[in-house]
Amino acid sequence: MSQKSHCVKLGEHERQYLQKIIESGKDKARKITRCRILLLADKGKTDPEISDALNVCLATIFNIRRHYSKGGLERAISEAARSGQPPKFKGKSMAKITAIACSKPPEGRARWSLRLLADRVIELDIVETISHQSVHNILKKTNSSRT
């Protein structure tokens, strides 16, 4: 992770902008730390020196430098959108699970348990696998009294 490949050279206006963000203290701590990284990098500090001064890992410093050199100041200090994990269950399967929960319980049972529902959903090939906790979360979203 060489700092030579992603050199940070701030203009006067950029330095003032970063300093203003740091001094205001109203932004998220992560953004303020990014601003401090850029200011120290602009002063010629090495990555290990910045790491020691701000107590951040070297990979973070490398990434901030890279974002700055490839995307500019705003790209370097802003949070990027994170995709997250896609939902495991689609609307139709969730609706079927809810419908089963609202149906008559199996013979000899007063009501559906979450584990019974999970087993029944797998039996009916609505989904390949599902935990009782996932069934709980699906029913919770529908404000079902069964949760």
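The values are calculated or read from the model by the stated rules, or taken from the named source; none is laboratory data. If you're wondering where the values come from, they're calculated on a predicted model, not measured in any experiment. Quick reminder, even Gly has a Cβ in these numbers, built from the backbone with ideal geometry, and neighbours come from all protein chains shown.
Checked against the criterion of being hydrophobic (A, V, I, L, M, F, W, C), assigned by TED's automatic domain parsing to the domain that holds residue 127, farther than 24 Å from residue 25 by Cα and touching a residue at least 40 places away in the same chain (Cβ under 8 Å), the stretch 104-113 contains not a single residue that satisfies it. Taken across the stretch 109-131, residues that are under 21 Å from the mean Cα position of the chain (by Cα), surrounded by 11 or more Cβ atoms within 10 Å (Cβ to Cβ), assigned to a helix (DSSP H, G or I) and not charged (D, E, K, R) do not occur at all. Can you spot a residue in the stretch 61-74 that is more than 30 Å from residue 35 (Cβ to Cβ), aromatic (Phe, Trp, Tyr), in contact (Cβ under 8 Å) with a residue 40 or more places away in the chain and out of contact with any Gly (no Cβ under 9 Å at 6 or more places or on another chain)? Looking through the stretch 61-74, none of the residues is more than 30 Å from residue 35 (Cβ to Cβ), aromatic (Phe, Trp, Tyr), in contact (Cβ under 8 Å) with a residue 40 or more places away in the chain and out of contact with any Gly (no Cβ under 9 Å at 6 or more places or on another chain). Sub-8 Å Cβ pairs linking a first residue in the stretch 8-27 that is within 16 Å of residue 74 (Cβ to Cβ) and in contact (Cβ under 8 Å) with a residue 60 or more places away in the chain to a second residue that is among the basic types (Lys, Arg) and surrounded by 10 or more Cβ atoms within 10 Å (Cβ to Cβ), at least 6 apart or interchain, are 8/65, ordered by first then second residue.
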